[in-house]
Amino acid sequence: VDELIRKDELNASIEELSLQESLNEVTFSIHSLLQNSKVIVNIDFSELDTINFNKEYLKSIFLNLITNSIKYAKPDCSPIISISSKNVNGTNQLIFSDNGLGFNMDKVKNKIFGLHQKFHNHVDSNGIGLYLVYNHVTSLGGKIEVDSKINEGATFTISFKN
């Protein structure tokens, strides 16, 4: 996986992208999953509607974070995902949060973006999604932070290189 990512990084072209259009492409591709899971997605790109980034990386970030939110939803309620963007002191950010199972940050904070790291015993869990998200963001000079509490969901804040 590391070798594939390194090869991919060499070809990562940066362009101005519409956050909404990129998200629409992803949600179209997983339409039936979204419908079957009864997910509620709240989107607010009003403060920042475009980003300079790699198109395939951005779609991968959306795909992995959305599918993780659905996969790790609390069994007793519909998943709610909020995706927003903002500019904080000149830094463009994408904020992605959900109301899912979450995780104990004290136990997982140093492992969360590692390859094959799993924090729930889910049958579909392979520990690659967050690893890919982390590599997509950091390979282009950005950073990603996470905040989470057990049974309160998770919030991922991606800061893009300007």
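Hey, among ILE83, ILE61, which residue is open to solvent by less than 30 Å² (accessible area, probe 1.4 Å), assigned to a helix (DSSP H, G or I), modelled with pLDDT of 95 or more and within 21 Å of SER18 (Cβ to Cβ)?
ILE61
Given the structure, is ALA12 at pLDDT below 95 and surrounded by fewer than 17 Cβ atoms within 10 Å (Cβ to Cβ)?
yes
Does SER78 satisfy the condition of being modelled with pLDDT of 95 or more, surrounded by fewer than 13 Cβ atoms within 10 Å (Cβ to Cβ) and of a type in the set (Gly, Ala, Ser)?
So SER78 does not fit the description; no.
Is at least one residue of region 27-37 modelled with pLDDT of 95 or more and part of a loop (DSSP other than H, G, I, E, B)?
yes
Only residues that are open to solvent by less than 60 Å² (accessible area, probe 1.4 Å) and at pLDDT below 85: list them for region 123-138, please.
Within region 123-138, SER125, GLY127, ILE128, GLY129 qualify.
Right, ASN42: loosely packed, with under 12 Cβ neighbours inside 10 Å, modelled with pLDDT of 95 or more and not in a loop (DSSP other than H, G, I, E, B) or not?
Yes, satisfied.
Do the conditions hold for ILE112, that is, is it modelled with pLDDT under 95 and open to solvent by less than 60 Å² (accessible area, probe 1.4 Å)?
yes
Just checking, does region 64-73 include any residue being under 15 Å from SER159 (Cα atoms), touching a helix residue (DSSP H, G or I) at 6+ places or on another chain (Cβ under 9 Å) and not in a helix (DSSP H, G or I)?
No, that holds for no residue.
The values are calculated or read from the model by the stated rules, or taken from the named source; none is laboratory data. Just so it is clear, the structure is predicted and the values come from calculations on it, not from any experiment. With ideal geometry, Cβ positions are generated from the backbone for all residues, glycine too; neighbour counts draw on all protein chains shown. The accessibility values were calculated without ligands, DNA or RNA, using every heavy atom of the protein model including side chains. Shrake-Rupley method; radii C 1.70, N 1.55, O 1.52, S 1.80 Å.
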